[in-house]
Structure formats: C-alpha cells, structure tokens
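One structure is given below, encoded as structure tokens.
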Amino acid sequence: MSKPRVATTSLCGCFGCHMSLLDIDERILQLAEIVEFDKSPINDHKDFTQRCTVGLIEGGCANAENVHVLRRFREMCDVLVSVGDCATTGGIPALRNLVPLEECLEEAYVKGPSVHNPSRRIPDDPEIPLLLDKVYPAHEVVKIDYHLPGCPPSADTLWEALNALLSGKPLALPYALLKYD
Amino acid sequence: MSEPSLILDGREIPFVPGQTILQAAEDAGAWIPRLCHKPGLEPCGSCRVCVVRANGRTVSSCTFPASLGMVVECDTPDLLAMRRLIVEMLFVEGNHFCMSCEKSGHCELQALGYRLGITAPQLEYQFPRREVDASHPDILIDHNRCILCARCVRTSRDLDGKEAFAFVGRGPHKRIAASAGSRLRDTSADVSDRAIDACPVGALLRKRVGFSVPVGRRPYDAVPIGGQEVGR
Ligand code: SF4
Ligand code: SF4
Ligand code: FES
C-alpha cells in the first residue's frame, strides 16, 4: 500500500508552526516512514504531484495569492487542517484588521519612522499579490475540517493530530494540548 | 420535614430556599460553566454562559431561583451547543489575541474555550475598533478584551465602595467606562482595588506584572476551569 501523502503550506504565517512540526524531534524519522510529503516547504516541492490525504495550513489569508494557494489545497486534500492561531483566527497579522488598509500601507511605505521613500509611492507592481481588505482565518475562505489552535501548536499537539488523522481515528485532543497561545 | 430538593440532570439535589440553581448545583458538587457570576457579587445574568433548562424554560442558572421539585437540565447536547455558541460569540465580537495577552493562562473566557473544546468559532470574526485606556500610571483597560460582564462595576460598587466603573452606551456600542471621567486616571480607581482582580479576562489589568508565571504553571494550563471533565 502506498503511504498517505501530506502537503503543507505557510500562508500569512511566520513559519513558526512548521518549526513546531520539526520540534517533534526524533519522531520526525517515524513520520518520514509513515507519510510521503507532497507540496511542502519541507521538501520544497512547489506544486502538488497528486491528491493528498492531509493538508496542513499555516497562516491566514492576507493577499490574493494566499487565497489561491488555500483553494488549491482544498481541491487537492481529503482532509484540510488549520494549524496555528494565524490560520484559525488570523493571528498576529490580523492586528492590521484594526487599522484601515490605507493607513497601514502609508505607515509601512511612506510615513513610518525608518522609511526612506522619496517617491512616496506604495508598491503596486502587478507581480506583487494584491492585499486583501483584511486578514481572514482559513475557515472564512474555504471549508476546514479540523483546527489546531496555538501560537504555535506544540509539537505534541501536531504529533497527536497527525497520528489520529493518518490512522483514520477521530481527532480529540487531550485538555493539555488545546491552547490558544 | 426534609430539605427541599430539585432534580439536576436526573439527580436529586437539595437546596436552601433563596439559592439560585447555580449555587444549589455547586453545593452538590456540580459545576455549571459561568463567566459573569462571581461568588460574593450580586448576580447580574449578563453573559448567559450558565444557561440551563428549568422546567422546560431556558434560563440563566446564576440568577434563577431554585424551587421545589424543579427539573433542571444542564448537561445535554443542545445546551452544550448553546453554551459553546455563547462563548464563541464573546470571542468573535472582541479582539482576543491570546498569544500576546497578559491574562493568557489565567483568563476565564479562554479557560471556558478550552473546557468546552472550542478549536475555532463557527462565526465570523468582527474585528471591532476599540480603544485601550492606559492613562492611569498603574492600571489599564483594554476594551478589545472586555466582555461587559460588569464584575468590575459590581466589585467597585459593593466591595471597594467606590463606583469607579460604569457602563456607557447601548447594544454593540456598550462599553465599560471609568465613571467619574472619561479617562481612567481621572477616577478613584487604584491598583489595590479588588475590582482589578475581579476581571475574568485581560481587560482590566495591573501594569508591569504580566507574564510572571511560566507557561505550563498557569492556572488553566493543565486543569480545566471548574475542575471537572472537559467538554461540558
Ligand atoms: S482576555 Fe482571555 S481570551 Fe482574550 S486575549 Fe486575553 S487570554 Fe485570550
Ligand atoms: S473590564 Fe473586565 S470586569 Fe469589567 S466589564 Fe469588562 S470584562 Fe468585565
Ligand atoms: S454566569 Fe450566569 S449569566 Fe453570566
């Protein structure tokens, strides 16, 4: 039987959740034995080679590219899991939701104390993904099957969850592994 | 004559006349989830987390008086769903960034989320624009995290004898305010007030004392609020 395939991505996140996955220490060898990584920053595969059993989403959606990648994951993965507070709530990037987008861009590119930008131009190259009006949690954009909050979720949380999902068991985290911080 | 009793989830429990359902349940060892209720304060029934069904009516158990032979349901799937939804509403209608909150691990709202097994809300996040009042040298109010439970209002009025806090506005515009002036520093509120400790969330805080307990040793890291099974 072929190994279940796992795909992962970091949308508007800090890669902390991926770091937490590496934090499972030597269990990573076990993981490499039971799964095959498909599209993921872990193996640097840029696109899906085939349909996956589990997709792990780090980060919420802050721009059009994030939305595109997230939709592609929904299309290609049987089970889609939001990993971390950014995916489940918008997280730290969503702090910008409390400030109008225009003010945010002005502060970052024009008015900020350390900004040197004599043209006062805000980057608008068509190559740059368009920013959304606010940062959205993943489940406000596509259907998400499971959520693993935490900033980041602990290595044990990720390990428990992956094991349950890959063995087809229902995912029920013990109390100590469900945290919002 | 024997003590008056009621039926809670099929179990007969005694009560003292004048007790609320929540108090009677607690005396019988059954912890009903709650948020605005705090022993020692007059119940105000504002959060609805303590929802139960009493003789078929949906009521807040922290305000509803126990009565003879009353049939109370608490631990049912539909009431659990209702309780979850209420807690989820409290999360989405404010701005709760737990990862950077001084109250994290000590917060009763967060702890209820854990206890009820909430991994993400079913409702859209509102991201309201709210203020932080840090004008006072020793304490602050972060309106982003206030759940309007009125614990500070009741504690200041009834235990500190001060009335340092009050509500202003109505509906979605309702917010907690320093009662004597528009800014916290213009009030009689003081760092030693019991009202500060009464806040269940990270809205009313002392300055310069946050994050003093390491992760793993905070009150709700390992033990659910109410000390009972998770998922209720
Ligand atoms: S007040 Fe509680 S729920 Fe809100 S951010 Fe702080 S810890 Fe989280
Ligand atoms: S400041 Fe705290 S105690 Fe006061 S109403 Fe808000 S949440 Fe309740
Ligand atoms: S605890 Fe009863 S309504 Fe808040």
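One table, with the values for the structure above:
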quantity	calculated
Residue in the stretch A:60-80 that is part of a loop (DSSP other than H, G, I, E, B) and surrounded by 13 or more Cβ atoms within 10 Å (Cβ to Cβ) present	no
Residue match in the stretch B:210-231 (condition: in contact with a strand residue (DSSP E or B) (Cβ under 9 Å, 6 or more places away or on another chain), within 16 Å of ligand 1 (Cβ to nearest atom) and not in a loop (DSSP other than H, G, I, E, B))	no
Any hit, the stretch A:27-46, residues being part of a helix (DSSP H, G or I) and hydroxyl-bearing (Ser, Thr, Tyr)	no
Residue match in the stretch B:166-176 (condition: within 16 Å of ligand 1 (Cβ to nearest atom) and not charged (D, E, K, R))	yes
Failed condition for B:GLN23, given (1) more than 16 Å from ligand 2 (Cβ to nearest atom); (2) of a type outside the set (D, E, K, R); (3) surrounded by 22 or more Cβ atoms within 10 Å (Cβ to Cβ)	(3)
Residue pairs meeting the criteria (Cβ under 6 Å; at least 6 apart or on separate chains; first among the aliphatic types (A, V, I, L, M), in the stretch B:122-136; second surrounded by 16 or more Cβ atoms within 10 Å (Cβ to Cβ))	B:LEU123/B:GLU88; B:LEU123/B:VAL92; B:VAL132/B:ASP142; B:ALA134/B:LEU140
Among the candidates B:CYS47, B:CYS62, residue that is away from ligand 1 (no atom under 16 Å from the Cβ) and either in a loop (DSSP other than H, G, I, E, B) or under 17 Å from the mean Cα position of the chain (by Cα) (or both)	B:CYS62
The one condition in (1) in a strand (DSSP E or B); (2) open to solvent by 20 Å² or more (accessible area, probe 1.4 Å); (3) within 14 Å of chain B (Cβ to nearest Cβ) that A:ILE57 fails to fulfil	(2)
Near pairs, Cβ below 9 angstrom, 6+ apart or cross-chain, from the stretch A:170-181 (facing chain B (nearest Cβ under 8 Å)) to any residue that is among the basic types (Lys, Arg)	A:TYR175/B:ARG115
Selection from the stretch A:86-116 of residues that are open to solvent by less than 40 Å² (accessible area, probe 1.4 Å) and more than 14 Å from chain B (Cβ to nearest Cβ)	A:VAL110, A:GLY112
A:VAL6 being over 25 Å from A:ILE128 (Cβ atoms) and either buried (at least 22 other Cβ atoms within 10 Å of the Cβ) or of a type in the set (S, T, N, Q) (or both)	yes
Residue under evaluation B:TYR125, criteria (1) among the aromatic types (Phe, Trp, Tyr); (2) within 16 Å of ligand 2 (Cβ to nearest atom); (3) in contact with a Pro (Cβ under 9 Å, 6 or more places away or on another chain), criterion not met	(2)
Number of positions in the stretch B:191-219 that are within 15 Å of ligand 2 (Cβ to nearest atom) and either open to solvent by 60 Å² or more (accessible area, probe 1.4 Å) or closer than 17 Å to B:GLU163 by Cβ (or both)	9
Matching residues in the stretch B:32-63 - criterion: being surrounded by fewer than 17 Cβ atoms within 10 Å (Cβ to Cβ) and more than 10 Å from ligand 3 (Cβ to nearest atom)	B:PRO39, B:GLY40, B:GLU42, B:ASN55, B:GLY56, B:ARG57, B:THR58
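The values are calculated or read from the model by the stated rules, or taken from the named source; none is laboratory data. Because the structure is predicted, anything quoted here is derived from the model rather than measured. Backbone-built Cβ (ideal geometry, glycine too); neighbour counts: all protein chains shown. What goes into the accessible areas is simple: the full protein's heavy atoms, side chains included, and nothing from ligands, DNA or RNA. Shrake-Rupley method; radii C 1.70, N 1.55, O 1.52, S 1.80 Å.
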